[in-house]
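Asker: Quick one: the structure is below, and I'll ask about it shortly.
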C-alpha cells in the first residue's frame, strides 16, 4: 500500500470522528489505458473535501459534483467511467486516455460501525499486516479479515455481487548506510510515497543528513535488517556505501527476508567480486545471489549521485510493478 492510500484511510477516520459521513471510492478494474490501477482510492466528505486519486482529475470532478447534488445515498454502488453517453445507468465521463474504469463507491454514515471499520483497517496497515475488505453489494454488508492474499488483489464477482480488496503495509525502503547517493534515494523515495529508513551506526556520517520524514536508525544495517518485523513483503533494501563491511553483511541478511527488492551499488567488476565473496564467506547459494540486483538500478548511463539514485528508484518501482526493464 502506497503512502497516499494510507493517508486516505487516515483522513477518512478523522472525518468520521468529527461526525461527517464519508464516501470511499476504490478503482475495481480497468479496461485499456487508465490513469491509476485497481485498488487506488479516494475519500470524500459531504463538505466536498477529498483526498486521494482515481484518475487524472476528470473522474474526481464528476464524482464530487454528483455528490454535491445529492447522489450516492445508498450503501454502495459501482460506476463505470469511459462508456458511451447512451448508457444512461452509468457514468458518462470520457477518459482522456481512452480507457474505462469501474469504481466502487461506498457510503460510510457517521456511526460506530464506520469508526470501527476505519480504525481496524488503519491499525492493521500501520501494524504491517495484510488485511482484506469483503463488500457484499446485495446484502449491504462489509467486513475486514486477516489474509495471506497479495496486497494488490482486487476482485469483483458480478454474479455474487461481491467485492474483495486486499491491502498491505506501506511500501518501505531500507537504506543500509549513509552516502551521497543515499540522500537522493531517500528524497526520491519519499516523493514516491515510501516509508524510508536509513540505518547508519557511524554518528559522524549523519551530521549533514537532513531529509524530512526519513526515520534514522542508529544501528548497524545488518543488525536492523536481521531483527524480526523490520522487513515485510513491501520492503526494498539497498546498500549504497561502497564499503563491503557494510554492504556485504547487509546483503547476507537481506536475502533471508521477504523483501521484494534487494540491491547493492558497484560496478560490474565490483559486483562480480562481491558475488564471489558472498558465496565464499557468506555461504549464499546461487538462488540467494540471484535475488540481489548488482549492479543496482536500471542502466541509464548514470554518473552523478542524483542520476544513480534515480536509476535505483526506477528499478525498484519496476520490480514492484512487475514490469520488464526497457534498458538492460
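Asker: What is the number of the single condition among (1) modelled with pLDDT under 80; (2) closer than 24 Å to residue 322 by Cα; (3) surrounded by 17 or more Cβ atoms within 10 Å (Cβ to Cβ) that residue 82 does not meet?
Answerer: So residue 82 meets the others, but not (2).
Asker: I need the full set of residues from the stretch 178-202 which are without any contact (Cβ under 8 Å) to a residue 40 or more places away in the chain, crowded, with 22+ Cβ neighbours inside 10 Å and over 13 Å from residue 250 (Cβ atoms), in order please.
Answerer: Residues satisfying the conditions are 186, 196.
Asker: Taking into account only those residues within the stretch 267-290 that are assigned to a loop (DSSP other than H, G, I, E, B) and in contact with a helix residue (DSSP H, G or I) (Cβ under 6 Å, 6 or more places away or on another chain), which is surrounded by the fewest Cβ atoms within 10 Å (Cβ to Cβ)?
Answerer: The initial filter retains those residues of the stretch 267-290 that are assigned to a loop (DSSP other than H, G, I, E, B), namely 267, 281-285.
Going one step further and asking which of them are in contact with a helix residue (DSSP H, G or I) (Cβ under 6 Å, 6 or more places away or on another chain), we end up with 282, 284.
Values: 282: 16, 284: 20.
Here the answer is 282.
Asker: So which residues in the stretch 150-171 are in a loop (DSSP other than H, G, I, E, B) and exposed (fewer than 14 other Cβ atoms within 10 Å of the Cβ)? Outline the logic, then answer.
Answerer: To start, the set of residues in the stretch 150-171 that are in a loop (DSSP other than H, G, I, E, B) comprises 150-153, 158-161, 168-171.
Listed by number, the residues that qualify are 150, 158, 159, 160.
Asker: On the basis of being more than 23 Å from the chain's Cα centre (by Cα), crowded, with 22+ Cβ neighbours inside 10 Å and modelled with pLDDT of 90 or more, does residue 21 make the cut?
Answerer: On the way: more than 23 Å from the chain's Cα centre (by Cα): yes; crowded, with 22+ Cβ neighbours inside 10 Å: no; modelled with pLDDT of 90 or more: yes.
When the stated conditions are applied, residue 21 does not pass them.
Asker: So, residue 309, is that one crowded, with 17+ Cβ neighbours inside 10 Å and in contact with a strand residue (DSSP E or B) (Cβ under 7 Å, 6 or more places away or on another chain) or not? Write out each step before concluding.
Answerer: Numbers: crowded, with 17+ Cβ neighbours inside 10 Å: yes; in contact with a strand residue (DSSP E or B) (Cβ under 7 Å, 6 or more places away or on another chain): no.
No.
Asker: On the basis of being closer than 26 Å to residue 149 by Cβ and assigned to a loop (DSSP other than H, G, I, E, B), does residue 258 make the cut?
Answerer: Details: closer than 26 Å to residue 149 by Cβ: yes; assigned to a loop (DSSP other than H, G, I, E, B): yes.
Yes.
Asker: Can you tell me which residue in the stretch 172-199 is nearest to residue 143 (Cα to Cα), limited to those that are in a loop (DSSP other than H, G, I, E, B) and out of contact with any strand residue (DSSP E or B) (no Cβ under 7 Å at 6 or more places or on another chain)?
Answerer: We begin by selecting, within the stretch 172-199, every residue in a loop (DSSP other than H, G, I, E, B); these are 177-179, 192-194.
Applying the additional criterion that residues be out of contact with any strand residue (DSSP E or B) (no Cβ under 7 Å at 6 or more places or on another chain) yields 179, 192-193.
Values: 179: 45, 192: 30, 193: 27 Å.
Ranking the qualifying residues of the stretch 172-199, first place goes to 193.
Asker: While we're here: Before we move on, is residue 216 more than 16 Å from residue 309 (Cβ to Cβ) and either under 18 Å from the mean Cα position of the chain (by Cα) or not in a loop (DSSP other than H, G, I, E, B) (or both)? Break it down stepwise before answering.
Answerer: Numbers: more than 16 Å from residue 309 (Cβ to Cβ): yes; either under 18 Å from the mean Cα position of the chain (by Cα) or not in a loop (DSSP other than H, G, I, E, B) (or both): yes.
Yes: the conditions hold for residue 216.
Asker: Scanning the stretch 24-53 for residues that are at pLDDT below 85 and part of a loop (DSSP other than H, G, I, E, B), which turns out farthest from the chain's Cα centre (by Cα)?
Answerer: Looking at the filtered set, the residue picked out is 32.
The values are calculated or read from the model by the stated rules, or taken from the named source; none is laboratory data. For clarity, every value in this text was computed on a predicted model and none was experimentally measured. When we count neighbours, we look across all protein chains shown, and the Cβ atoms used for this are built from the backbone with ideal geometry, even at glycine.
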